[in-house]
Amino acid sequence: MNRNVKKEDRCLRVGVLGCGIINQAAHLIGCTKARNIHLQAVCDVAEDLLGKMAAMYEPDSVYTEYEKMLADPQVEAVIIGVGDQFHVPCAKMAAEAGKHIFLEKPMGVSIEECEELKSLVESKGLMLQVGHMKRYDAGLQYAKQFKEQKMGEITTYKGWYCDSVGRYTLTDNVMPVLYSSESMRKPAGNPKAVLDHYYLLGHGSHLFDTALFFMGEIDRVSARYVHRGGMHSWLIDCDFACGAIGALDLTVAIAQQWHEGCEIYGTGGTVFAKTYNPWEFRSSVVECYDRETDLCTTPAAYDGHFYRRELEGFADSILNHAPCTGATADDGIQVMRALIATYRSVQEAGAWVSLKDTAGGL
Ligand SMILES: NC(=O)c1ccc[n+]([C@@H]2O[C@H](COP(=O)([O-])OP(=O)(O)OC[C@H]3O[C@@H](n4cnc5c(N)ncnc54)[C@H](O)[C@@H]3O)[C@@H](O)[C@H]2O)c1
């Protein structure tokens, strides 16, 4: 049987670490469809899960030991889709083995470990991209370009990321059937034991990365948090280094449809973006108002497979020796600092916390 997928002559040979949810639902199929990636190897300690994924995606090699996949000279880069606490240790091992790294978000669980990873990767001359896939949302990419070319000085950024109480009804419908195994390796303890940490890392990382993508560095934040009846809500004021002010809303979960997006006000125009649940694979619907022409544009942005697109971007950068087009290690660290600053600000009754003064982890 042949696969109906067109590949470029030179594809990046990738080894995928982990056969859990993200790799089953996004990266294994993303590698298969990507124009410039060859699925060289897959690794998981759970042999049954590995066998299932190998049968579906047909890598050249399979490994139950990560060290062995890293020793495979055919593997040029790894995609790391394992529990958050394993991100940095697994990425460091890849860097030591001379492999480029695509690392799921959040970059890690503490600022110090992320900084160590950044230094190691730089010292080896390798590429590291963090899996903030919204940077490859074609609607948001258009809006970013519009902002840079047309919007003049920016005064205000508003961002919201509100998970929906109905999200599992939706995702069960649109995601592939997911497999699990008794043998899967999970970080020690229950990551959901402290829900505000868990939601900040899992969801807050997307909210902050989108803000960084549009606005650049955040100087400081002031956050308030409330939880009632299973709902967790953060309202976060922030100052951007560019001089704009921001207001961010992270809520898990609201009693309506998935509610995510942003608005940006500038002297030359305005952007409004509505973003969908990622598993719908739909680009954000974006409205860009241009003051000069008095017209509003909305790109069609047909290709909503931002998980495939981020892998293609990663491979393009490596194959063409070009700068990273996704979230860099610096972006991943900024997100970590913003999350920790938010957490600290809540503890200090909404005090302003500078990102440069943050340390430690969640
Ligand atoms: N970008 C997104 O939209 C998005 C969505 C979901 C999850 N994620 C991220 O993806 C990451 C993985 O989440 P998940 O839910 O897929 O995890 P998971 O726990 O379901 O799967 C991880 C798999 O990796 C394997 N594994 C772990 N360490 C290993 C090792 N050293 N050697 C071999 N196998 C190993 C485990 O056995 C397991 O099968 C998380 O960091 C999460 O935040 C991102």
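The values are calculated or read from the model by the stated rules, or taken from the named source; none is laboratory data. This structure is a prediction, so every number in the text was calculated from the model and none was measured. Heads up, the Cβs are rebuilt from the backbone with ideal geometry, glycines too, and the neighbour counts pull from every protein chain shown.
Looking at segment 54-73, can you tell me whether even one residue there is of a type in the set (Lys, Arg) and under 14 Å from SER181 (Cβ atoms)? No: segment 54-73 contains no residue that is of a type in the set (Lys, Arg) and under 14 Å from SER181 (Cβ atoms).
Look at segment 177-200: where a residue is in contact (Cβ under 8 Å) with a residue 60 or more places away in the chain and over 22 Å from ASP163 (Cβ atoms) and a partner is part of a loop (DSSP other than H, G, I, E, B) and aliphatic (A, V, I, L, M), sitting 6+ places away or on another chain with Cβ atoms under 7 Å, you get SER181/ALA46; SER183/VAL45; SER183/ALA46; MET184/ALA46; ARG185/VAL45.
For GLU292, the requirement of being over 21 Å from MET215 (Cβ atoms), in contact (Cβ under 8 Å) with a residue 40 or more places away in the chain and surrounded by fewer than 16 Cβ atoms within 10 Å (Cβ to Cβ) is met. Pairs linking a residue in segment 87-105 that is farther than 16 Å from CYS324 by Cα and at pLDDT 95 or above to a residue that is in a helix (DSSP H, G or I) and near the ligand (Cβ under 8 Å from one of its atoms), with Cβ atoms under 8 Å and 6 or more positions apart or on different chains, are CYS90/TYR66; MET93/TYR66. When residues of segment 12-25 are filtered for being among the small types (Gly, Ala, Ser) and near the ligand (Cβ under 7 Å from one of its atoms), how many remain? Selection size over segment 12-25: 2.
So, in segment 35-85, exactly how many residues are away from the ligand (no atom under 12 Å from the Cβ) and either in contact with a Gly (Cβ under 6 Å, 6 or more places away or on another chain) or outside the structural domain of SER110 (by TED's automatic domain parsing) (or both)? Working first, answer last.
Filtering segment 35-85 for residues away from the ligand (no atom under 12 Å from the Cβ) gives 35-40, 51, 54-61, 71-77.
Filter once more, keeping what is either in contact with a Gly (Cβ under 6 Å, 6 or more places away or on another chain) or outside the structural domain of SER110 (by TED's automatic domain parsing) (or both): 40, 75.
Looking only at that region, the number is 2.
Name the one entry in ALA41, ALA34 that is touching a helix residue (DSSP H, G or I) at 6+ places or on another chain (Cβ under 8 Å) and farther than 17 Å from ARG309 by Cβ. Before the answer, list the steps.
Working: ALA34 fails: farther than 17 Å from ARG309 by Cβ.
Exactly one of ALA41, ALA34 is touching a helix residue (DSSP H, G or I) at 6+ places or on another chain (Cβ under 8 Å) and farther than 17 Å from ARG309 by Cβ, namely ALA41.
What helices (runs of 4 or more DSSP H), lying completely within segment 14-85, carry at least 2 residues that are under 23 Å from PRO278 (Cα atoms), in contact with a Lys or Arg (Cβ under 6 Å, 6 or more places away or on another chain) and touching a residue at least 60 places away in the same chain (Cβ under 8 Å)?
Numbers: elements: 28-33, 47-57, 66-70.
Here the list reads 28-33.
Is there a residue being within 22 Å of the chain's Cα centre (by Cα) and closer than 25 Å to CYS296 by Cβ anywhere in segment 226-245? So far as segment 226-245 goes, yes, one or more of its residues are within 22 Å of the chain's Cα centre (by Cα) and closer than 25 Å to CYS296 by Cβ.
A quick yes/no check of all residues on (1) at pLDDT 95 or above; (2) surrounded by 19 or more Cβ atoms within 10 Å (Cβ to Cβ); (3) in a helix (DSSP H, G or I):
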| site | (1), (2), (3) |
| --- | --- |
| ALA253 | yes, yes, no |
| ILE264 | yes, yes, no |
| TRP279 | yes, no, yes |
| ALA301 | yes, no, no |
| HIS321 | yes, no, no |
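Residues are listed down the side, and each one gets a yes or a no for (1) over 25 Å from ASP357 (Cα atoms); (2) near the ligand (Cβ under 9 Å from one of its atoms); (3) of a type in the set (Asp, Glu):
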{"residue": "PRO89", "(1), (2), (3)": "no, yes, no"}
{"residue": "LYS99", "(1), (2), (3)": "yes, no, no"}
{"residue": "PRO106", "(1), (2), (3)": "no, yes, no"}
{"residue": "GLU112", "(1), (2), (3)": "no, no, yes"}
{"residue": "GLU115", "(1), (2), (3)": "no, no, yes"}
{"residue": "LEU120", "(1), (2), (3)": "no, no, no"}
{"residue": "HIS132", "(1), (2), (3)": "no, yes, no"}
{"residue": "GLY139", "(1), (2), (3)": "yes, no, no"}
